[in-house]
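A short write-up of the structure that comes next.
The values are calculated or read from the model by the stated rules, or taken from the named source; none is laboratory data. In this text the structure is predicted, and so the values were computed from the model without any measurement. Don't worry about glycine lacking a Cβ; one is built from the backbone with ideal geometry, like all the others, and counts go over all protein chains shown.
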Amino acid sequence: MPATPNAFTVLSHPSLDHSGGGRAAAEAAPRPAALFESTELLKGSKIVGIMHNGSLYRLQATKLGKLILTK
């Protein structure tokens, strides 16, 4: 039975390498991405604002447990 991938293995998968070669650079060790629980970001609210490059974005949790990010 294959192992279930976790967030770090998915985020560092070679298919996400945008250098054009389709493979991760051999000399550069991939740095794990920061991982946050949605409950940490939302802190009991359904909507949280995120400032990015001078623009305000809205992260919203739906009734079905999905997340929507809008500008």
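Which ones in the range 40-58 are exposed (fewer than 10 other Cβ atoms within 10 Å of the Cβ) and in a loop (DSSP other than H, G, I, E, B)? Residues satisfying the conditions are K43, G44, N53, G54. Residues satisfying the criterion are present in the range 24-39 (criterion: of a type in the set (G, A, S), at pLDDT below 60 and surrounded by 11 or more Cβ atoms within 10 Å (Cβ to Cβ)).
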